[in-house]
Amino acid sequence: MDIKRVKDYIYWLYYQYLLITCSYVLEPWEQSMFHTITVTVFAMVVYTAYVFVPIHIRLAFEFFSQIFGGQPDSTV
């Protein structure tokens, strides 16, 4: 895959993002504020999922293993 096709694809994805969010009608300073807020919220969601989802999966696994007769952990 050559660089020009990758560059065109990235531009196309960015254009789709502008169309979906309707941010192409905003003024430049409004666009920068909108993009900043969007990236911040997305980063917070990813961080929260990275930190808390594994904990909840482990707790759910322990809960269901106790319900369905899993081996109890030794206290030693």
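General remarks:
- Matching entry among Phe42, Phe63 (being surrounded by 10 or more Cβ atoms within 10 Å (Cβ to Cβ) and modelled with pLDDT of 95 or more): Phe42
- Selection status of Thr36, at pLDDT below 95 and surrounded by 10 or more Cβ atoms within 10 Å (Cβ to Cβ): no
- Test: Tyr47 is at pLDDT 95 or above and open to solvent by 100 Å² or more (accessible area, probe 1.4 Å): yes
- Residue list for region 17-29, filter: open to solvent by 60 Å² or more (accessible area, probe 1.4 Å) and part of a helix (DSSP H, G or I): Tyr17, Leu19, Ile20, Tyr24, Val25, Pro28, Trp29
The values are calculated or read from the model by the stated rules, or taken from the named source; none is laboratory data. Just so you know, these numbers come straight off a predicted model, no measurement behind them. In this analysis, Cβ positions are derived from the backbone assuming ideal geometry, glycine residues included, and neighbour counts consider all displayed protein chains. To get the accessible areas, we keep the full protein, side chains included, count just its heavy atoms, and leave off ligands, DNA and RNA. Shrake-Rupley method; radii C 1.70, N 1.55, O 1.52, S 1.80 Å.
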